[in-house]
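As C-alpha cells, the structure follows; a few thoughts come after it.
The values are calculated or read from the model by the stated rules, or taken from the named source; none is laboratory data. Because the structure is a prediction, the values reported are computed rather than measured. Using ideal geometry, Cβ is built from the backbone for each residue, glycine included, and neighbour counts are taken over all protein chains shown. Side chains included, ligands, DNA and RNA excluded: accessible areas come from the protein's heavy atoms. Shrake-Rupley method; radii C 1.70, N 1.55, O 1.52, S 1.80 Å.
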Amino acid sequence: MTQSEILAMPAGDYMNAAQLAFFEDLLRSKLAEAVTSIEGARTAIAGLGVVPDEVDQACIEEERVALSRTLERLNLQVQAVKYSLQAISDDSYGFCEETGEEIGLARLLAQPTARLSAAAQAAHELQRKHYKAA
C-alpha cells in the first residue's frame, strides 16, 4: 500500500486493518534504520582513539560528544517507535492521548510516532513556550 492509497481511503475507515498494517511496516522500517544507525555510532565511538596532540584529542572529544548526542536522539527514536508499535497492538494508535481525537493520516505519515493531535501538540508547545519565558 502507498501513502496516496492510504490518504485516498474514506474518513470512516480511519485506522482500519490496511492502514494499521501500513503504519506497522513503516514503524518497523524506521526501527531497523535507527538500530543500524545506533550500531554505526557505537562503532564510530569505539574507533575514536587517543592521540598525543592536544588539538587532535580535542577534535576527537568533540566528535565523541556529537556521536553521544546522536546516540541519545536515536535511543529516544527507538523508544518512540516501540511505543507506537505497542499502540498498534493495543488498538490505540492514531488517536490523541489527550483528547482521544484522530491524529490524522497526513500527520501520521509525516510523523508516524505522533502521540498527540495537531491541536493538542500546539497547545503543549505554547504551554512549554510560556513556562520557558517565565
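Some points to look at:
- Where the chain is the region considered: accessible area per residue in Å², 1.4 Å probe: 65
- Residues residue 53 and residue 18, FRET efficiency given R0 of 41 Å [Cβ-Cβ distance, rounded to 0.05]: 0.10
- Residue of 51, 35, 65 that the Gaussian network model of the chain assigns the largest fluctuation, springs spanning Cα pairs under 10 Å: 51
- Whole-angstrom gap from the range 27-49 to the range 82-119, using each part's C-alpha centre: 26
- Within the range 1-65: Cβ-based charge dipole about Cα centre, in debye rounded to nearest 20 (Lys, Arg +1; Asp, Glu -1): 360
- Whole-number percent relative contact order across the range 5-134, with pairs defined as alpha carbons under 8 Å at least 6 apart: 25
- Put 1, 15 in order of accessible area, highest first, and with a 1.4 Å probe you get 1, 15.
- Kyte-Doolittle mean at least -0.5 and Cα axial length at least 20 Å: DSSP H helices in the chain: 17-47, 54-89
- Zero-based 5 Å bins, Cα pair distances in the range 46-91, whole percents: 5, 19, 15, 14, 10, 9, 9, 6, 6, 3, 2, 0
- For Cα extents along the principal axes in Å, calculated from these coordinates, the label among (i) 50, 37, 26; (ii) 66, 43, 25; (iii) 54, 37, 21: (ii)
- Gyration tensor over the Cα atoms of the range 63-134: the corresponding equivalent ellipsoid has semi-axes (square roots of 5 times the eigenvalues, largest first) of 24, 20, 10 Å.
- Accessible area of the range 71-114 belonging to carbon and sulfur atoms, whole % at 1.4 Å probe: 47
- Simple spin-label estimate for residue 98 and residue 39 in nanometres, 7 Å along Cα-Cβ: 3.9
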